[in-house]
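**Q** So that we are looking at the same thing, I have put the structure below in structure tokens.
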Amino acid sequence: MDLSTYVSHLRERYHELEQILSQGEIYAQPGRAAELTREHARLKEVFAQHGLWVSAQDKVTSLEALLQESEDPEIHQLAEEELVQARQAAQDAHRQLLLALLPADENESRDTMLEIRAGTGGDEAALFAADLYRMYSRYAEKRGWRFAPISLAPSELGGLKEIIVEISGDGAYRQLRFESGVHRVQRVPATESQGRVHTSTATVAILPEAEEVDIVLKPEDLRIEVCRAGGPGGQGVNTTDSAVQVLHIPTGLIVRCQEGRSQIKNREKAITILRTRLLAQKQQEERARLSSERRSLIGSGDRHEKIRTYNFPQDRVTDHRIPITLHGLVSVLEGNIEPLLEVLAEKEMEERLAAEEAMAGASARATP
């Protein structure tokens with residue numbers, strides 16, 4: 001498919017950006033100026049990749065013409081060998097051009113909020129939630145990320161009813177964004193006396209952390225209450241009014257934080273969690289309005305989708321969106337989840353490339 005017409009339309013936007021960025025008044029809005037500068041740099045990369053692709057295509061055309069014109073067997077053989085390499089180079093250049101055309105995810109540079117909640121299965125579900133927490137903490141440790149729990153609700157048997165973790169580090173959201181959904185475990189619980197396999201679930205949500213400029217919270221829209229923290233933790237937790245509950249009146253969202261002993265810090269953490277959930281809600285609504293051409297083959301990432309099964313009797317992990325099955329379940333729960341994340345990222349990229357190619361083709365056909 002010839003992308004030249006599509007890229008020529010982008011050049012109009014590129015020249016427009018150059019004019020805007022050459023005017024001093026735009027820099028009075030630092031956020032807007034930074035956004036336009038990034039777009040300008042991305043388009044510049046697109047044109048560089050387009051040049052490489054055109055050159056590669058030209059070489060293929062020249063070699064094909066040489067094969068048709070030359071009657072020398074030796075030249076013919078050399079040209080055929082070189083043509084194979086040239087076609088591969090053109091194909092690679094085409095893919096790199098499409099990659100450059102894909103806009104970056106606006107959330108890639110953000111810190112990440114990880115939420116894990118026990119689902120169906122009672123105590124076993126809470127124990128499984130704790131297993132998932134450990135899996136992600138090990139993975140974060142390997143990546144060199146900061147992994148800081150900010151709210152948790154333990155269960156009586158050592159599991160987790162709920163935990164919220166703040167993850168900071170390069171590529172954290174980009175790597176983990178496919179983990180949102182329902183995770184299912186099939187195993188014999190420690191409490192099972194007859195050796196029967198039980199099925200339990202836990203939900204995982206990966207949310208890009210919101211900043212104040214993303215979601216503005218009006219004081220009149222918040223109802224903040226303080227109370228005595230509950231649950232295990234000793235007298236320092238149970239005898240101080242440090243727990244904070246925040247209600248966002250317009251949406252009805254409620255966030256409770258009691259992890260620390262400081263009421264002020266718990267309040268700040270609760271506000272951060274609330275802002276992050278509101279941003280996720282806002283972005284989900286925006287995505288729902290997008291064309292179906294942009295929908296990914298791996299699912300929407302909604303936390304209600306069953307995305308993965310951890311089967312202990314058969315020592316396997318199956319991701320239902322690809323689908324892909326890996327053996328060595330213990331290794332996966334030790335944080336070795338790269339094989340799953342890499343395949344998910346590759347599938348998403350293939351779908352985005354196909355959508356971009358289709359849009360480019362439609363644009364080219366629509367141009368007289």
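Read-outs: derived from the displayed coordinates by stated rules, not from any lab. Because the structure is predicted, anything quoted here is derived from the model rather than measured. FYI the Cβ positions are ideal-geometry reconstructions off the backbone, even for glycines, and counts take in every protein chain you see.
**Q** Label Thr251 and Thr61 with points 7 Å out from Cα along Cα→Cβ: what is the distance between them in nm?
**A** Rounded to a tenth, the inter-label distance reads 5.3 nm.
**Q** Further question on the same structure: To the nearest 0.05, how large is the calculated FRET efficiency for Cys227 and Ala148 if R₀ is 30 Å and r is the Cβ-Cβ distance?
**A** 0.80
**Q** Using a Förster radius of 22 Å, what is the FRET efficiency between Asp92 and Glu342 based on their Cβ-Cβ separation? Nearest 0.05, please.
**A** 0.70
**Q** Which of His15, Gly31, Leu63 sits closest to the plus end of the dipole of the range 1-133, meaning its Cα is farthest towards the positive end, when Lys and Arg get +1 and Asp and Glu get -1 on the C-beta?
**A** Positive-most Cα among the choices belongs to Gly31.
**Q** Another question, then. Order the peptides 169-182, 22-35 from the highest to the lowest mean number of other Cβ atoms within 10 Å of their residues.
**A** 169-182, 22-35
**Q** Around Ile249, under 13 Å between beta carbons, what's the net of Lys plus Arg minus Asp minus Glu among the other residues?
**A** Net charge in that neighbourhood comes out at -1.
**Q** Where does the charge balance sit around Phe312 when Lys and Arg score +1, Asp and Glu -1, over other residues with C-beta under 11 Å from its C-beta?
**A** 0
**Q** Let me ask you something else. Students often check this: by mean Cβ neighbours within 10 Å, which of 321-330, 216-225, 156-165, 271-280 ranks highest, and how do the rest follow?
**A** In descending order of packing, they fall as 271-280, 156-165, 321-330, 216-225.
**Q** Measuring from centroid to centroid over Cα atoms, what is the spacing of the range 110-173 and the range 25-94 in Å?
**A** Each part reduced to its Cα centre gives a spacing of 45 Å.
**Q** Another one. Let me check I've understood the local charge: for Ser62, count other residues with C-beta under 11 angstrom from its C-beta, Lys and Arg +1, Asp and Glu -1. What total comes out?
**A** Computed value for this residue: -3.
**Q** For the residue pair Arg38 and Gln186, what label-to-label distance in nm results when each label sits 7 Å from Cα along the Cα-to-beta-carbon direction?
**A** 4.2
**Q** If I model a spin label at Ala48 and Glu71 as a point 7 Å from the Cα along the Cα→Cβ vector, what separation in nanometres do I get?
**A** Placing both labels 7 Å along Cα→Cβ, they lie 4.7 nm apart.
**Q** Further question: Using the structure shown, select from Lys218/Lys269; Lys306/Lys347; Lys218/Lys265; Lys59/Lys347; Lys161/Lys306; Lys269/Lys306 the pairs with a Cα to Cα distance greater than 22 angstrom.
**A** The pairs that break the limit, which is 22 Å between Cα atoms, are Lys59/Lys347; Lys269/Lys306.
**Q** Follow-up question, since we're still on this one. Ranked highest first by the average count of other Cβ atoms within 10 Å around their residues, in what order do 138-145, 75-82 fall?
**A** Packing order, densest peptide first, comes out as 138-145, 75-82.
**Q** Pop the C-beta distance of Gln284 and Glu108 into the FRET formula with R0 = 22 Å and round what comes out to the nearest 0.05.
**A** Efficiency computed from Cβ-Cβ geometry: 0.80.
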